[in-house]
Number of protein chains: 2
Amino acid sequence: MTVFFEDVSVGDTDEYGSYEVTREEILRFAEQYDPQWFHVDPERSDEESPYGGLIASGWHTASMTMRLLVDGTFGDAASIGAKGVDELRWWQPVRPGDTLRIENEVLETTPERPERGLIRARTETYNQDDELVFSMVSNVMYLRRED
Amino acid sequence: MTVFFEDVSVGDTDEYGSYEVTREEILRFAEQYDPQWFHVDPERSDEESPYGGLIASGWHTASMTMRLLVDGTFGDAASIGAKGVDELRWWQPVRPGDTLRIENEVLETTPERPERGLIRARTETYNQDDELVFSMVSNVMYLRRED
């Protein structure tokens, strides 16, 4: 059943997902979109990085979080994209071998237009040690149910 | 020459880049990280999308913007990653065939620790018609020059 704007309430929470982060995927993403040495050069990262080894691009972490959100929330929702994101934070590095999951909480629901509303939600991404690695507050447009 | 924290000043501006957005890359990114129908299904997007056709994932746009930043700014800088991003906004859809460029302006420089400082900068991404498609304010850590 499709989730429309009217089906979402402030305080709704959800927790799910399991995304395995491989070294190969970290390198592939970073070589295309974020070829800074601490994302694409494992040897130099092992020797010199302040993070103590190769870490994923922050945009890769955001993108993996998005994949979890699509699989767990947006795939069944009448969502038509986000207007923006606030307070995007990278709290801890994401490393090869990590497994990510997310927690999601609805903060605000605003009927914006006759045909759609805005859902403001906080998403937190955790690793297998329950360390917060990433968080953001997103503003996603949802279609309203037609009567 | 490597650009350190001390080499960056409030008001510094820069404008550069040319990233050609292909339909193939839009699909490849979205299939992996954002498989919502308006990013991965060209036929349905042509028929039903409120955007009037296939559009890139917003995270893809952010990632392409990052690639421009790395090629034009961070590649020569003693930057060691971002703490976070504020006010991330998707103003206009990015479509197959678009060519993106960016404008960058330094907003604040904060000496944070003896060995590093924080550069707060606004980045705007434009398409070939000079339409603003994406913007963000990022907080990037730069190493300080050793005396």
Exercise for review: Leaving ligands, DNA and RNA out of it, report the carbon-plus-sulfur percent of the accessible area of the protein assembly as shown at a 1.4 Å probe.
Suggested key: 43 percent
Check your understanding: Does any residue of the range B:39-70 lose at least 40 Å² of accessible area with all protein chains in place compared with its chain alone, and if so which ones (probe 1.4 Å)?
Key -> B:51, B:59, B:63, B:66, B:67, B:70
Point to revise | Chains A and B, summed buried accessible surface - 1.4 Å probe, Å², nearest 100 | key: 3000 Å²
Exercise for review: Would you mind listing the distances between the residue A:131 label point and the same position in each other copy? Use 7 Å along Cα-to-C-beta, nm, one decimal, shortest first.
Suggested key: 4.2
Revision key, fill the gap. Partner shielding of A:25-37, as the mean number of partner chain Cβ atoms within 10 Å, equals 4
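Over 24 Å apart: what share of the alpha carbon pairs of the range A:5-143 falls there, rounded to a whole percent?
35 percent
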Practice item. May I have the extent of the alpha carbons of the range A:1-86 along their three principal axes, as whole Å values ordered from largest to smallest? Key: 52, 23, 22
Review point. In the neighborhood of residue B:76, defined by Cβ-to-Cβ distances under 12 Å, what is the net charge if each Lys or Arg adds +1 and each Asp or Glu adds -1?
Key: -3
Revision key, fill the gap. hull vol. (C-alpha, convex hull) per residue for the range B:84-143, Å³ -> 83 Å³
Point to revise | Top positive-direction residue, dipole computed over the protein assembly as shown with Cβ charges, set B:68, A:79, B:118 | key: B:118
Check your understanding: Once you charge only the Cβ atoms, +1 for Lys and Arg and -1 for Asp and Glu, what is the size of the charge dipole of the range A:5-143 about its Cα centre, to the nearest 20 debye?
Key -> 440 debye
Check your understanding: Zone of residue B:105 (label point 7 Å along Cα→Cβ, backbone N under 20 Å): which residues in the range B:1-35?
Key -> B:8-17
Review point. Sorted by accessible area with a 1.4 angstrom probe, largest first, how do A:123, B:73 fall?
Key: B:73, A:123
Point to revise | Length added when fully stretched, residue B:15-residue B:46, from 0.36 nm per residue minus Cα-Cα | key: 7.8 nm
Check your understanding: So how compact is the range B:65-105: Cα radius of gyration and Dmax in angstrom?
Key -> 12.4, 34
Practice item. Report, for residue A:111, each distance to the same residue's label point in the other copies, shortest first and in nm; define the point 7 Å along Cα→Cβ. Key: 5.5
Exercise for review: Please give the solvent-accessible surface of residue A:115 in Å², to the nearest 10, using a probe radius of 1.4 Å with every protein chain present.
Suggested key: 90 Å²
Revision key, fill the gap. Long-range share for the protein assembly as shown, i.e. C-alpha pairs more than 34 Å apart as a percent of all pairs, stands at 19 percent
**Study point:** Net charge over other residues, Cβ less than 12 angstrom from the Cβ of residue B:128 (K, R count +1; D, E count -1)
**Key:** -3
Exercise for review: Run the 1.4 Å probe and let me know the accessible area of residue B:130, rounded to the nearest 10 Å².
Suggested key: 100 Å²
Point to revise | Accessible-area order (highest first, 1.4 angstrom probe) of the listed residues A:124, B:112 | key: B:112, A:124
Revision key, fill the gap. With N residues in the range B:35-77, Rg(alpha-carbon) / (2.2 N^0.38 Å) equals 1.58
Review point. Hey, for residue A:11 with labels 7 Å out along Cα-Cβ, what do the inter-copy distances come to in nm, ordered shortest first?
Key: 5.1
Exercise for review: Using a 1.4 angstrom probe, figure out how much accessible area the protein assembly as shown has per residue, in square angstrom, rounded to the nearest whole.
Suggested key: 47 Å²
Review point. So for A:74, B:38, what's the accessible-area order with a 1.4 Å probe, most first?
Key: A:74, B:38
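The values are calculated or read from the model by the stated rules, or taken from the named source; none is laboratory data. Fair warning: this is a prediction, and the values are worked out from it, not measured in the lab. A quick note on method: Cβ atoms are made from the backbone with ideal geometry, for glycine too, and the neighbour counts reach across all protein chains shown. Side chains included, ligands, DNA and RNA excluded: accessible areas come from the protein's heavy atoms. Shrake-Rupley method; radii C 1.70, N 1.55, O 1.52, S 1.80 Å.
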